[in-house]
Structures are given as structure tokens and as C-alpha cells.
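The values are calculated or read from the model by the stated rules, or taken from the named source; none is laboratory data. All figures in this text were calculated on a predicted structure; none of them were measured in a lab. In this analysis, Cβ positions are derived from the backbone assuming ideal geometry, glycine residues included, and neighbour counts consider all displayed protein chains. These area figures cover heavy atoms from the full protein model, side chains too; ligands, DNA and RNA do not enter into them. Shrake-Rupley method; radii C 1.70, N 1.55, O 1.52, S 1.80 Å.
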2 protein chains.
Amino acid sequence: MPPRTRLDPARRREQLLDLGAELLAEGRFEELSVEALAEAAGISRGLLYHYFDGKRGYQLAVLHRLADRLVAITAPQDGLSPLAQLTRSLDVYVDFVRANHAAYLAFKRGAGGGDEDFQRIYDQARAALTDRIFTSGDAATLAALGLVDTPSGRILVRGWSALVEDALLAWLADPRGVAQDDLVAMLARALPAVGAAVGPTR
Amino acid sequence: MPPRTRLDPARRREQLLDLGAELLAEGRFEELSVEALAEAAGISRGLLYHYFDGKRGYQLAVLHRLADRLVAITAPQDGLSPLAQLTRSLDVYVDFVRANHAAYLAFKRGAGGGDEDFQRIYDQARAALTDRIFTSGDAATLAALGLVDTPSGRILVRGWSALVEDALLAWLADPRGVAQDDLVAMLARALPAVGAAVGPTR
């Protein structure tokens, strides 16, 4: 951050969050402290506390930022077929988790362990990622993916996103024998496959 | 437990674990204490400490017992087609989680939150449940379920088990519009569907 640039507070807060996301990609979540950020940004701890509510408030704000970014970068792009859109989104998602692996694991552990703030951010991001398939896709897109917007259909699409997350973490832990392109292609194919499992009557 | 029955220590320990599993089905995991067990069993705390290593040792032993029971009751049964076996196992699994919902959630929260003992029991049970599909099924069974025993195939079957767990918890939280039979049928159909998503080249 150039030292003599004058920014309005909202813009500076954004910059500090981006810097936090960078620090988080490099290090362990537990080490993401206001002190580390102050040092990296070249400003005082006191000024940082002006922007964030202590270490935890800062960590939560950075997680929010990362979750929002994940939702944004995986948004469907026009001009592609539904399956190509899905494949591209999954590829971006895999890249993102690879680049933020430690943070992702720590975040998931916090959310899975019952930390209500972590859980809320996690649930919001996950709902955005999965509900988007129903709310942003028109009927033709849903049909092309073999999905139906029913309670069963929503449960299975949500389940598919759990499958994606689990498969990705298993692959990151042991990628032997599976190239990223193959992983992404099979995760994409799994969505219409799971959609078809809802069955003919629903 | 009849008060005057004399049992060898191993058998009595088993009974105490079964009693713990019953207490856990009725109440909250955090309340599963040596004191509560001693009271229910009509024996002294001191004697209980002879069998179990304090509250935590007792809780872990009960979780082990529940996990082993889940693996046992969902074992494939001879005389059924592979898909019928799978459907039966899933139905038993759903019944089990319904009967032990609070314990299941607390256990999952502990495992997801990074408690290493919980995580180990959880991983062992999950590995037993999913690897069984590959190790106990012959080639014809795997083929009937559309599965191949490759790194990609294992990642996807593991992912399918995450889908099942997630779908089940979502359904328990809001079962409206989905009958248990329909849930079980679609979760069973999802396995060969996901298996087919591995693709023709693997």
C-alpha cells in the first residue's frame, strides 16, 4: 500500500481486507492477526482497530471477503452451454481452494465445529453457490442440467455441492492418478447425473 | 441391569456401553456423563471409572460403539440385488440417524471442528462404510452399481457418501415434501449415477 495515498475509509478498509486475504493465502488462519496486518500494511495497530473489531472481527471480515470473492469468480458466464459454464465454475473453484487451502480447511473446521459466525458465512456462501443454480438459471438451463426445482431436487443439488467439496479435499490430500481437468469434468458430469436420480415422479 | 447378575468385566463393559448409547439417543451429547451413567446403571461412579477413562473416555467409547453398530446394521445382506442391498442399507442408516440425531450432530460437530479423537472414529466409520462397497462387492456387484475401482472412482464414491450425509441432515432439518422412501430411493439411485460420471476413460 503506497504510504502517501489518501483514501476514503471504505476504500481503505477494502484494501486492508484484500491484504488480509493475501496473508491468509500464505499462512495459517490462526496467525492472521491485527498485528500481522498492521505490519504488512505499514500502519499502526490503533488505526487498524478503527477499521476492524479486534482480531476476530478482522478474521471474520476477511473470511466474508474470501467467500464473496469465491461466489463472484465462480458466477456463470454468458455465451457458454450450461455444462461448459458449470465446468468453468468448478475449475475456478478448484483453483481458488488450492490457492487458499490452509484458510479453507481452517474455515471449514471452524464452521463444522459449531462456531456460529463461521457457520453463518459458510452457509451463506454455500447457499449462494447452490441456490444460484436454481435462481439464475432459466428453465432451459435447468432442463439442460437435468434438474428440477422441487424439495427433492434442492436437497440433491445441495448434496452434490457437499460431494464436490469432499471430493476436492480428498483430491488435494492425495491427487495421485487424477488430473485436475479430469476431476473437474467428472464433478461437472455428476450434477446432471445426480439430478436424474431425483426420479421421474418428482 | 439386574442388580444381582454377576458378569465378567468385558461383558459388563459392553452392557454399560449399550446403556450409554441409549442415554445418548435420549439426551444431549454434552450431558453424557459418568455420573448419569452410574445413576442409570445403579452402580457407583468409582466402579465406572474402573471401566472407563473418565467422562471423555466414556464418551469416546460410546461413540465407538455407535459407529461400530452403524457399520454392522448397514452391512449388505445376501439374497438381494446390489441396488436393493444399497437401498436397504440407506434406509437403515436414515433410521439410525433419526434415532440418534442429537448425538450424530454433536459427533459430527466434534469431528468437523478438529477434535482428533472424534475425527478418527468418524473417519474409520466412514471408510468402513464406503470402502466396503469396493472391498466386499465382487466385480459383478461393482458393475451392477456402475462403479470402477480407480482413484477417480474412490473419490466419487467417498463424495457420494458426503452427499448422502448432507442430504440426510438437510432432510431431517426440513422434511417437507419428501417422504423417507423417496429420499432413500433417490440416494440409492445417486450412487450408480455418480459412478457413471467418472467417465469412459477411467
- Within straight-line cross-link reach of A:Lys55, aspartates and glutamates at Cα separation under 15 Å, skipping those fewer than 8 residues along the same chain: A:Glu30, A:Glu31, A:Glu35, A:Glu39, A:Asp117
- B:Ala72 to A:Asp123: FRET efficiency via 1/(1 + (r/R0)^6), r the Cβ-Cβ distance, R0 35 Å, to the nearest 0.05? 0.55
- Message: To make sure I understand the rule: partners must be lysines, Cα under 18 Å from the Cα of A:Lys108, and not fewer than 8 residues away in the same chain. Which ones qualify?
- Response: B:Lys108
- Item | Surface share of carbon and sulfur [accessible, 1.4 angstrom probe, percent] for chain B | 53 percent
- Query: Roughly how big is the B-A contact, given as buried accessible area in Å² (both sides, 1.4 Å probe, nearest 100)?
  - Reply: 2500 Å²
- Message: Per residue, how much accessible surface does chain B expose to a 1.4 Å probe? Answer in Å², no decimals.
- Response: 48 Å²
- By how many nm would the segment from A:Glu22 to A:Thr150 grow when fully extended, if each residue of separation counts as 0.36 nm and the alpha-carbon distance is taken off? 42.1 nm
- Message: Can you list the residues in the stretch A:164-187 whose accessible area drops by at least 50 Å² when all protein chains are present, compared with the chain alone? Use a 1.4 Å probe, heavy atoms only.
- Response: A:Asp166, A:Met186
